[in-house]
1. Give me the pairs: first residue in region 21-37 and modelled with pLDDT of 90 or more and surrounded by fewer than 18 Cβ atoms within 10 Å (Cβ to Cβ), second residue of a type in the set (Lys, Arg) and not in a strand (DSSP E or B), beta-carbon distance under 8 Å, and six or more apart or on different chains, which are they?
2. For region 68-81, what are the residues that are more than 25 Å from Gly36 (Cβ to Cβ) and surrounded by 14 or more Cβ atoms within 10 Å (Cβ to Cβ)?
3. Exactly one of (1) more than 18 Å from Gly102 (Cα to Cα); (2) modelled with pLDDT of 95 or more; (3) surrounded by fewer than 17 Cβ atoms within 10 Å (Cβ to Cβ); (4) of a type outside the set (Ser, Thr, Tyr) is unmet by Glu54. Its number?
4. Right, Glu84: in a loop (DSSP other than H, G, I, E, B), under 23 Å from Lys39 (Cα atoms) and either free of Cβ contacts under 8 Å to residues at least 12 places away in the same chain or of a type in the set (D, E, K, R) (or both) or not?
5. Would you mind finding the one in Leu98, Leu65, Leu94 that is surrounded by 16 or more Cβ atoms within 10 Å (Cβ to Cβ), over 19 Å from Asp134 (Cα atoms) and without any contact (Cβ under 8 Å) to a residue 60 or more places away in the chain?
6. Using the structure shown, decide if Glu89 is more than 24 Å from Lys32 (Cα to Cα) and in contact (Cβ under 8 Å) with a residue 24 or more places away in the chain.
7. Restricting region 99-122 to residues that are among the hydroxyl-bearing types (Ser, Thr, Tyr) and part of a loop (DSSP other than H, G, I, E, B), which is farthest from Thr17 (Cα to Cα)?
8. Could you please give the count of residues in region 103-119 that are of a type in the set (Val, Ile, Thr) and over 20 Å from Gly57 (Cα atoms)?
Amino acid sequence: MPFSNQYFRFMPDIKDTKRALVRIGYDGTVQKTFRGHDKERRFANEIRILRHLESRGCDFVPRLLKSDPEQLKIITTSCGSRVEHIGEEKLKSLFGELEAYGVRHDDPYVRNVTYRKEDGRFCLIDFEHAILLDEPTPATAPSDGPTP
């Protein structure tokens, strides 16, 4: 079922670029609409990665609540406020911690870090370019048969 635009009317934009529109709902959820180049693939990938992380019990990423493939929109839980500054070692540690859950973020910058004041936890967001580490890459994928 498509999302009703009535919920988007008065929510403030927190990101409005050629690639995405992100808004915070009045209920505190994060609503992201994918735009631009390769939007269908990025939409599907973010959903796949968030589902994978939830299945592995990762507690420092958003939870996917709803998705709409027709409108290329997702609704997730909030992971707190955007972080302006974080130490380089803490940043590396945080993205390294994600890899223990089988995911490489592939955009490991402060713009993808939030702070959840309820429990004092740094969190990660924006998984449209992330990769699963246990999936074979095209270069290492099994072949269809023996090489002649």
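The values are calculated or read from the model by the stated rules, or taken from the named source; none is laboratory data. Predicted model only: the values in this text are computed from it and were never measured. With ideal geometry, Cβ positions are generated from the backbone for all residues, glycine too; neighbour counts draw on all protein chains shown.
1. Between residues of region 21-37 that are modelled with pLDDT of 90 or more and surrounded by fewer than 18 Cβ atoms within 10 Å (Cβ to Cβ) and residues that are of a type in the set (Lys, Arg) and not in a strand (DSSP E or B), the close pairs are Leu21/Arg35; Arg35/Lys18; Arg35/Arg19; Gly36/Lys18; Gly36/Arg19; His37/Arg19.
2. Answer for region 68-81, where residues must be more than 25 Å from Gly36 (Cβ to Cβ) and surrounded by 14 or more Cβ atoms within 10 Å (Cβ to Cβ): just Gly80.
3. It is condition (1) that Glu54 fails.
4. Taking the combined requirement at face value, the residue does not satisfy it.
5. When all the criteria are applied, what remains is Leu94.
6. no
7. Filtering first and then ranking leaves Tyr101.
8. The number of residues fulfilling the criteria is 1.
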